[in-house]
Amino acid sequence: MTAFVHDFADGDKDQKDLLGGKGANLAEMTNLGLPVPPGFIIDTEACRAYLSVGTVPAGLAEEIGVHLAALEQRMGKRLGDPDDPLLVAVRSGAKFSMPGMMETVLNVGLNDDSVHGLAASSGDERFAWDSYRRLLQMFGSTVLGIDSAVFGKVLDGLKADRGAHVDTDLTTADLRELVAAFQELVEQHSGQPFPQDPREQLDRAVAAVFDSWNTDRARLYRRQDRIPDDLGTAVTVIAMVFGNCGAGSGTGVAFTRDPATGAHGVYGDYLENAQGEDVVAGIRNTLPLADLERLDPTSYAELLRIMAVLEEHYRDMCDIEFTIERGKLWMLQTRVGKRTPEAAFRIARTLVEQGVIDADEALQRVTGAQLAQLMFPRFDAAGVHDLLTTGMGASPGAAVGKAVFDSATAVAWAARGEDVVLVRKETNPDDLHGMVAAAGILTSHGGKTSHAAVVARGMGRTCVCGAEALDVDASARQFTVRDGRTVHEGDLISVDGTTGEVFLGAVEVSPSLIVRHFEGELPADADNLVAAVSEAMTRADAARRMRVRANADTAEDAARARRFGAEGIGLCRTEHMFLGDRRQLVEDLIVAESTAGQQAALEALLPLQRQDFTEILEAMDGFPVTIRLIDPPLHEFLPNLTELSVKVALAESRGAVDEHDRVLLDHVRRLHEQNPMLGLRGVRLGILIPGLFEMQARAILEAAADRRDAGGDPQPEIMIPLVASVREFEMVQRHILTVAEEVTAERGEVGYRLGTMIELPRAAVLADRIARSAEFFSFGTNDLTQMTWGFSRDDVEASFFATYLDNGIFDVSPFESLDTLGVGALVKIGTERGRATRPDLHVGVCGEHGGDPASIHFFAEVGLDYVSCSPYRVPVARLEAGRAALGE
Ligand code: PEP
Ligand code: MG
């Protein structure tokens, strides 16, 4: 028989899967000899069994009975004993902390008899009746599902009647009356009297905690925090200790160090004569923890001693909850404390300085996601802040602009150069153009996986969503805050996509210190946060096996990437180089009727391309630069089919057709495709448009020769996109080899490598063949994801990903974080098969996933040589590649 119930003494902190975070850490503290009230844990397996069939698993009730008997024996009291009752708290606690999401029932064991016993044993009648009314209230709402406002209303009514300001003004007689009233409410709303049997109370409270795993708010929280739905919660049953038995008792929270910096010191809050829920409810003002020294020096000294023990044991900043019952200190909870990104870096550094951990462990305690947060501009802490409300920080950054309430206005105002924040109840695909135009997006509905959040993150737009306190009235072009303030169209607001805060007026924005450091504007010792980040980067660079390159199409981006630590360019997309003034040349190439016409267009493009490449090779001198030949369908460079058709039709009706337009329209029609992403693009262009790839290859090789002649160290790599078959690759390879021979004859030998993108499933599967000819691979995981899932990458995120995320089909967009099971398998197969043919095959990745922490760990595992990502993600990739190497 598997045991579902575990004594605190039988667990430890590493059993969070089974015992939940709270249970595992209570067990750990018990075994450290710290003063934890005795108790036991009903594990997550029992919860999962309960949730799968809706009844407690066989044997659980008996097991609880055995552990309860042991607890009673230790305490020398019986649960609910009429003379001197043992009372217990029934608390939830899942593997990952879900603050406030699940239920807790305190004071279990009180009934019409034992309340007298508690009064007698405590010598405090008022306290006994207050505890009983709290049980009725919590049991009523949590176990019996009665709206807690029902109880609140009666309590408030009584207070008003007695002229009482706070709960503590109520007398014993008042509380007795309240207990009677609450019992009536229970019977009235649930159709049954409040259960007097203590064991029944306990069993029903346990089941209610299990059930609370699946409340709507708990499910929503899990989706947003990417916590799996099938973990279940453990339940801790722990002997009650009371902080509400007068002066000399109280409850508090504390950190073992400064949660912002990691510095030693005393940090926390204390509330005299109170229970935990009073602290949370903010009923009275708490005292700084240091005041406890004056109130109760013995308990204070004991608390400091315990904090030192926890620090030494966990080797990290911990947060704790404690209660003092008549001068006796009890530990109710501890865990490695949550922290902000700044604090994570600072604390890690402080712990290294104090010799608690080494640099490797410090690196494991910070993440690329935290570093990314530190790289966004922030609202200036010293600026003027008029907080309107706080919603959910859905896409980081700091945006200031005029409030607008529809997309058309957002676009129109942005077009005349104004910064706008688009405010909507929620967004839908029709809002897309407004979201593109806005500096920030604010919604009153929806969570972190709502349309607004998903799309904003995809575009890197600042977004706050689910700001429920806002009543958005798009037709009146205004929103109202609960406190009555109204913001009209055109009023300035500021939104913080990291914290979720929304401010009235323009808050000053300051650039990230960390970015300024990476840019070379701030030395590492300018500030201790900068120093902490810099030290983590140094360690990561020393540890990592994978190189980090950048995706950059301009010399400026290349130079920035280099300052941010990029060791080359993994993807230089060349299509952007054919826009603007040069679009006409591409059009000429497409519509040219003769070879000579095509040749002329290519010759005009050649020197422009050569100049582009020279600049980029110069910015990345000494590092490899992978230049991808043109990829997108050519019609992207031609006028829009509908617009041109209308223009020609109108001209025809006037009898004045422009011959050029007519020819152009024929070509636009010819090149029009239903599914351009699956059409004439990538290597297919190289095969079908004579001279195009050759011109690009010549421009690259001549640029390299120029750089070499100028004393540089150019390392160009020519990359062919969208290859599916080795035959395709070999066809264009032949043409490029011919060009290379010509350039060599003219300019002398220039070194280069010729390789391919792997971005079609067929290429991954047949990588062994492709590697016969290709000298390197770069996984284009954007297309590989699109082609593997059959998702149009330009459409699906905005149209139906929110629904997919809501339904748990995936926890995160596969365009954001690699689908390791599917697309990742192709990356693995492609790498293995490619290296089977060519053992020294150099393999990297240049899709967006190259900058995503979880994906980077996967690529490190597969054995890729490098990741390539946008310049701003380069530090994140360096950090994560270092962490991945330490974990290998
Ligand atoms: C890719 O497909 O992953 C890639 C990097 O190329 P692009 O995004 O330009 O298609
Ligand atoms: Mg691609």
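The values are calculated or read from the model by the stated rules, or taken from the named source; none is laboratory data. From a predicted model like this one, the values you see are computed outputs, not experimental measurements. Cβ coordinates were reconstructed from backbone atoms using ideal geometry, including for glycine residues, and neighbour counts include every protein chain displayed. Protein only, heavy atoms only, side chains kept; ligands, DNA and RNA dropped before computing areas. Shrake-Rupley method; radii C 1.70, N 1.55, O 1.52, S 1.80 Å.
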- Item | Search result, residues across region 405-448 that are surrounded by 24 or more Cβ atoms within 10 Å (Cβ to Cβ) and polar (S, T, N, Q) | Thr427, Thr443
- Message: Would you confirm, using the coordinates I've provided, whether Glu28 is of a type in the set (Asp, Glu) and over 35 Å from the mean Cα position of the chain (by Cα)?
- Response: no
- Task: Can you work out which of the residues in region 355-381 that are without any contact (Cβ under 8 Å) to a residue 60 or more places away in the chain and open to solvent by 50 Å² or more (accessible area, probe 1.4 Å) is nearest to Cys463 (Cα to Cα)?
- Result: Ala381
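Just to be sure, is Arg727 away from ligand 2 (no atom under 16 Å from the Cβ), assigned to a helix (DSSP H, G or I) and crowded, with 21+ Cβ neighbours inside 10 Å?
Values: away from ligand 2 (no atom under 16 Å from the Cβ): yes; assigned to a helix (DSSP H, G or I): yes; crowded, with 21+ Cβ neighbours inside 10 Å: no.
So Arg727 fails the test.
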- Test Ala802 against the criterion of being of a type in the set (Gly, Ala, Ser), closer than 30 Å to His451 by Cβ, more than 13 Å from ligand 2 (Cβ to nearest atom) and open to solvent by less than 60 Å² (accessible area, probe 1.4 Å), and give yes or no. yes
- Message: Looking for something at pLDDT 95 or above and of a type in the set (Ser, Thr, Tyr) - is there at least one such residue anywhere in region 837-846?
- Response: yes
- Query: If you check Asp621 against the conditions, is it part of a loop (DSSP other than H, G, I, E, B) and modelled with pLDDT of 90 or more?
  - Reply: yes
- Which residue out of Gly712, Gly682, Gly691 is within 16 Å of ligand 2 (Cβ to nearest atom) and either open to solvent by 50 Å² or more (accessible area, probe 1.4 Å) or not aliphatic (A, V, I, L, M) (or both)? Gly682
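The rows are residues; the columns are (1) at pLDDT below 95; (2) surrounded by fewer than 19 Cβ atoms within 10 Å (Cβ to Cβ).
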position	(1), (2)
Phe779	no, no
Gly790	no, yes
Val796	yes, yes
Phe810	yes, yes
Lys828	no, yes
Thr831	no, no
Ala860	no, no
Ala885	no, yes
- At least 1 residues that are without any contact (Cβ under 8 Å) to a residue 12 or more places away in the chain in each: list the helices (runs of 4 or more DSSP H) lying fully within region 53-169 that qualify. 60-75, 114-122, 148-162
- Item | First in region 778-793 and among the aromatic types (Phe, Trp, Tyr), second anywhere and open to solvent by 10 Å² or more (accessible area, probe 1.4 Å) and more than 7 Å from ligand 1 (Cβ to nearest atom), Cβ under 8 Å, 6 or more apart | Trp789/Asp819; Trp789/Gly822; Phe791/Phe815
- Of these, Asp553, Asp557, Asp612, which one is charged (D, E, K, R), surrounded by 18 or more Cβ atoms within 10 Å (Cβ to Cβ) and within 16 Å of ligand 2 (Cβ to nearest atom)? Asp553
- Residues (within 12 Å of ligand 1 (Cβ to nearest atom) and either open to solvent by 10 Å² or more (accessible area, probe 1.4 Å) or in contact with a Lys or Arg (Cβ under 9 Å, 6 or more places away or on another chain) (or both)) located in region 751-777: Met757, Leu760
- Message: Is it the case, given these coordinates, that Leu644 is open to solvent by less than 20 Å² (accessible area, probe 1.4 Å) and within 16 Å of ligand 1 (Cβ to nearest atom)?
- Response: no
- Task: Looking for whichever is without any contact (Cβ under 8 Å) to a residue 24 or more places away in the chain, in contact with a Lys or Arg (Cβ under 9 Å, 6 or more places away or on another chain) and in the same structural domain as Arg549 (by TED's automatic domain parsing) here; the options are Ala596, Ala604, Ala600. Which one fits?
- Result: Ala604
- Taking region 464-484 on its own, how many of its residues are under 20 Å from Ser450 (Cα atoms), open to solvent by 50 Å² or more (accessible area, probe 1.4 Å) and out of contact with any Ser or Thr (no Cβ under 7 Å at 6 or more places or on another chain)? 1
- Pair list, Cβ < 7 Å and 6+ apart or interchain, from region 743-757 residues that are within 16 Å of ligand 2 (Cβ to nearest atom) and part of a strand (DSSP E or B) to residues that are open to solvent by 30 Å² or more (accessible area, probe 1.4 Å) and at pLDDT 95 or above: Gly755/Glu775
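I need the full set of residues from region 690-703 which are touching a Lys or Arg at 6+ places or on another chain (Cβ under 9 Å) and of a type in the set (A, V, I, L, M), in order please. Before you say what the answer is, go through the steps one by one.
From region 690-703, those touching a Lys or Arg at 6+ places or on another chain (Cβ under 9 Å) are 698-703; that's our starting set.
Scanning region 690-703 gives Ala699, Ile700, Leu701, Ala703.
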- Applying the selection to region 832-871, what residues are acidic (Asp, Glu) and within 16 Å of ligand 1 (Cβ to nearest atom)? Glu848, Asp852
- Query: How about region 778-802: which of its residues are in a loop (DSSP other than H, G, I, E, B) and within 16 Å of ligand 1 (Cβ to nearest atom)?
  - Reply: Gly780, Gly790, Phe791, Ser792, Arg793, Asp794, Asp795
- Note on the structure: Every listed condition ((1) under 30 Å from Ala247 (Cβ atoms); (2) open to solvent by 10 Å² or more (accessible area, probe 1.4 Å)) holds for Val56 save (1)
- Message: For region 180-218: of the residues being buried (at least 16 other Cβ atoms within 10 Å of the Cβ) and basic (Lys, Arg), which is nearest to Glu45 (Cα to Cα)?
- Response: Arg204
- Item | All positions within region 106-117 that are open to solvent by 10 Å² or more (accessible area, probe 1.4 Å) and either among the hydrophobic types (A, V, I, L, M, F, W, C) or over 25 Å from Thr142 (Cα atoms) (or both) | Leu106
- Query: Which one of the conditions (1) open to solvent by 50 Å² or more (accessible area, probe 1.4 Å); (2) within 15 Å of ligand 2 (Cβ to nearest atom) does Asp783 fail to meet, given that it meets all the rest?
  - Reply: (1)
- One residue from Phe623, Phe637, Phe578 being aromatic (Phe, Trp, Tyr), in contact (Cβ under 8 Å) with a residue 60 or more places away in the chain and either within 16 Å of ligand 2 (Cβ to nearest atom) or within 30 Å of Arg873 (Cα to Cα) (or both): Phe623
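Are any residues in region 487-527 among the polar types (S, T, N, Q) and within 25 Å of Lys448 (Cα to Cα), and if so, which ones? Quick ask: steps written out before the conclusion?
Let us first name the residues in region 487-527 that are among the polar types (S, T, N, Q), namely 494, 498-499, 510, 512.
Matches in region 487-527: Ser494, Thr498, Thr499, Ser512.
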- Query: Just checking, which of Tyr300, Tyr221 is without any contact (Cβ under 8 Å) to a residue 24 or more places away in the chain and not small (Gly, Ala, Ser)?
  - Reply: Tyr300
- If you scan region 555-611, which residues turn out to be away from ligand 1 (no atom under 16 Å from the Cβ), in a helix (DSSP H, G or I) and within 30 Å of Met375 (Cα to Cα)? Ala555, Glu556, Ala558, Ala559, Arg560, Arg562, Arg563
